[in-house]
Amino acid sequence: MVNCFRMNNHQILVMSFVETYIVYLHSVEIAVRKSLIGEDKFQPLGIQEYQWYEDKKKISKGADGLLLKAEDMMKVGLLVLKKGVYKEKRIVSEDWINHSIKPNLMTYEKIGYYGMHWWVNKQNVTKAFSEDNQYFFALGFGGQYIFIWPKEELVITITGDLYETSLLPLQLIKDHILR
């Protein structure tokens, strides 16, 4: 049997639709970013230096590839700790913050549950989730952390080069801070 490729109008239509849809999504992404947080993504937090990897069409994946200084990671952590408020100004809705730190999917016992770009776990695993019995964190490649413990109003940021042992900071926090 010989495999052959046959071009037809339906294939062209689908390719055109996909291309148009990608351009549309990119324009929507830009519009949403501008409407939510202004021209500069991090302007409301005073973050001026950052890098967010983008593809050839200048679209960031959004889920990863963000490079921030430790002090700027702290600003993001404070924003989440204070339920969307930074320096007495509402930046993100409290509902969105609560939704993003809600434990949705149990992943690994060592890490906990996944919310929306935040890992969530209980300080005391025998008790139910509550504001007094939870912590959450963003975990980046190589051991980058924004760790938030609401009960103590604590934010810890860690930058590292721990590609083989990226969970070590989490274990140290659990063993020595969350007691």
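The values are calculated or read from the model by the stated rules, or taken from the named source; none is laboratory data. Fair warning: this is a prediction, and the values are worked out from it, not measured in the lab. In this analysis, Cβ positions are derived from the backbone assuming ideal geometry, glycine residues included, and neighbour counts consider all displayed protein chains.
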*Report yes if GLU88 is at pLDDT 90 or above, loosely packed, with under 10 Cβ neighbours inside 10 Å and among the charged types (D, E, K, R), otherwise no.*
yes
*Tell me which residues, restricted to segment 135-161, are assigned to a loop (DSSP other than H, G, I, E, B) and touching a residue at least 24 places away in the same chain (Cβ under 8 Å).*
PHE141, GLY142, GLY143, GLU153, THR159
*Does segment 82-97 hold any residues that are outside any loop (DSSP other than H, G, I, E, B), of a type in the set (A, V, I, L, M, F, W, C) and more than 14 Å from the chain's Cα centre (by Cα), and which are they?*
VAL85
*Every residue from segment 72-100 that is closer than 17 Å to LEU170 by Cα and of a type in the set (A, V, I, L, M)*: MET73, MET74
*asked:* Just to verify a result, which residue in segment 98-133, among those that are assigned to a helix (DSSP H, G or I) and under 16 Å from the mean Cα position of the chain (by Cα), is nearest to LEU167 (Cα to Cα)?
replied: SER100
*Quick check: anything in segment 55-66 on the phi < 0 side of the Ramachandran plot, loosely packed, with under 15 Cβ neighbours inside 10 Å and among the small types (Gly, Ala, Ser)?*
yes
*Looking at GLN134, GLN144, which one is surrounded by 19 or more Cβ atoms within 10 Å (Cβ to Cβ), polar (S, T, N, Q) and closer than 20 Å to LYS102 by Cα?*
GLN134
*Name the single residue, out of those in segment 42-74 being assigned to a helix (DSSP H, G or I) and either in contact with a strand residue (DSSP E or B) (Cβ under 7 Å, 6 or more places away or on another chain) or of a type in the set (A, V, I, L, M) (or both), that is nearest to GLU152 (Cα to Cα).*
MET74
_Unmet requirement for GLU164, which otherwise passes all of (1) in a loop (DSSP other than H, G, I, E, B); (2) charged (D, E, K, R); (3) more than 21 Å from TRP52 (Cα to Cα); (4) in contact (Cβ under 8 Å) with a residue 12 or more places away in the chain_ = (4)
